[in-house]
1. Label T50 and L4 with points 7 Å out from Cα along Cα→Cβ: what is the distance between them in nm?
2. For the range 1-48, what is the accessible area per residue in Å² when the probe is 1.4 Å?
3. By how many degrees, 0 to 90 and rounded to 10, does the Cα axis of helix 2-21 deviate from the longest principal axis of the chain?
4. Per residue of the range 30-46, in order, report the coupling 6.51 cos²θ - 1.76 cosθ + 1.60 (Karplus, θ = phi - 60°) as ³J(HN,Hα) in whole Hz, putting x for Gly and Pro.
5. What percentage of the solvent-accessible surface of the chain, computed with a 1.4 Å probe over protein heavy atoms, is contributed by carbon and sulfur atoms?
6. Find the percent of Cα-Cα distances in the chain that exceed 18 Å, and round it to a whole number.
Amino acid sequence: MLILLIVLLVIWAVLAVVGFAIKGLLWLAIIGIILFVATIIIGVVRRRATRNH
């Protein structure tokens, strides 16, 4: 699970960088940032849920 989380974070970070690097793809950067933050939140919530059990 942790490896999947790391892979997704890397993919979203790359999308954000590509979006900022190419002017016409600013929307891609915004989506990459949103997905990056969402992935972090989901990962934190799932880790806390597994620690409680």
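The values are calculated or read from the model by the stated rules, or taken from the named source; none is laboratory data. Computed from a predicted structure; not experimentally measured. Here the Cβ is made from the backbone with ideal geometry for all residues, glycine too, and neighbour counts use every protein chain on show. In case anyone asks, the SASA skips ligands and DNA or RNA and just uses the protein heavy atoms, side chains included. Shrake-Rupley method; radii C 1.70, N 1.55, O 1.52, S 1.80 Å.
1. Label at T50, label at L4, 1.0 nm between them.
2. Values: 3590 Å² over 48 residues.
Averaged over the residues of the range 1-48, the accessible area is 75 Å².
3. That works out to roughly 20 degrees.
4. 5, 5, x, 5, 4, 5, 4, 5, 4, 5, 4, 4, 4, x, 5, 5, 5
5. Numbers: 3340 of 4240 Å².
Answer for the chain is 79 percent, counting heavy atoms of protein chains only.
6. Details: 530 of 1378 pairs.
Percentage above 18 Å: 38.
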